[in-house]
1. Just the residues that are small (Gly, Ala, Ser), in a helix (DSSP H, G or I) and more than 19 Å from GLY66 (Cβ to Cβ), please, taken from the range 8-54.
2. Look at ARG41 and say whether it is open to solvent by 40 Å² or more (accessible area, probe 1.4 Å) and either in contact with a strand residue (DSSP E or B) (Cβ under 8 Å, 6 or more places away or on another chain) or at pLDDT below 95 (or both).
3. Looking only at the range 139-185, count every residue that is open to solvent by 40 Å² or more (accessible area, probe 1.4 Å), more than 23 Å from the chain's Cα centre (by Cα) and not aliphatic (A, V, I, L, M) and tell me the total.
4. Give all pairs with beta carbons closer than 8 Å in which a residue from the range 16-37 that is under 19 Å from ASP55 (Cβ atoms) meets a residue that is of a type in the set (Lys, Arg) and open to solvent by 70 Å² or more (accessible area, probe 1.4 Å); count only pairs at least 6 apart in sequence or on separate chains.
5. Report the residue count in the range 121-138 for those that are open to solvent by 60 Å² or more (accessible area, probe 1.4 Å) and closer than 15 Å to GLY72 by Cβ.
6. Just for helices (runs of 4 or more DSSP H) wholly inside the range 106-185: which have at least 2 residues that are at pLDDT 90 or above?
Amino acid sequence: MDDVSRARLSDALRRTAQRDPRAFRLVYKMTAPKLFGICLRICGERKAAEDVLQDVYLTVWTRADGFDAARGSAIAWLATIARNRSIDWRRANARPTAPAETLEAVADPAPLTSDALLLDERERLLHFCLGTLEPNQSHAIRTAFFEGLTYAELAARVAVPLGTMKSWVRRGLMKLRDCLDAADA
């Protein structure tokens, strides 16, 4: 979902909170395939996933005013609702489980769609926050964490004293933490 689509979805949710049926249809049109995928993956049954998805959109219609764009993306908010409703359905319709060995043999190692969406959002935020740092701090942190270099190796690579490199990384990490905390607030 690109930035324009994200903005359209956020606006449609805001208008849905004002009981605009056209906006609600747009929310449905933009998100139904993704949310159905979440429901189907968790419920494991097409009919159940359809029923849960209907409950998801009922919740969206009645609680759209609970969406806050400052706290996260619209698709992440919707995916969380779908995930929670699906988990509620699973718990209410629990069946005897297979032995752990059997479950491990058939387990799908791929992350849940909702988890992937949230991870994608966090990754985008991390890269945004890294972009707000001074270039030397951003480069040092990226190189240290993505290439696994030590302070000494970083300092040698850019020809600065070891103490300077440690200061760049420490100050950069503090600014990075502040930026990420501000986004979570």
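The values are calculated or read from the model by the stated rules, or taken from the named source; none is laboratory data. Predicted model only: the values in this text are computed from it and were never measured. Here the Cβ positions follow ideal geometry from the backbone for every residue, glycine too, while neighbour counts run over all protein chains shown. Each accessible area value is taken on the protein alone, full model and side chains, heavy atoms only, with ligands, DNA and RNA left out. Shrake-Rupley method; radii C 1.70, N 1.55, O 1.52, S 1.80 Å.
1. Of all residues in the range 8-54, those small (Gly, Ala, Ser) come to 10, 12, 17, 23, 32, 37, 44, 48-49.
From what's left, in a helix (DSSP H, G or I): 10, 12, 17, 23, 32, 37, 48-49.
Scanning the range 8-54 gives ALA32, GLY37, ALA48, ALA49.
2. Details: open to solvent by 40 Å² or more (accessible area, probe 1.4 Å): yes; either in contact with a strand residue (DSSP E or B) (Cβ under 8 Å, 6 or more places away or on another chain) or at pLDDT below 95 (or both): yes.
So ARG41 passes the test.
3. The qualifying residues number 14.
4. MET30/ARG8
5. Of the residues in that region, 4 qualify.
6. Numbers: elements: 113-131, 135-147, 151-158, 162-184.
Answer list for the range 106-185: 135-147, 151-158, 162-184.
Matching residues to (1) touching a Lys or Arg at 6+ places or on another chain (Cβ under 7 Å); (2) within 22 Å of GLU123 (Cα to Cα):
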site	(1), (2)
SER10	no, yes
PRO21	no, no
GLU45	no, no
VAL52	yes, no
VAL60	no, no
ARG63	no, no
ALA92	no, no
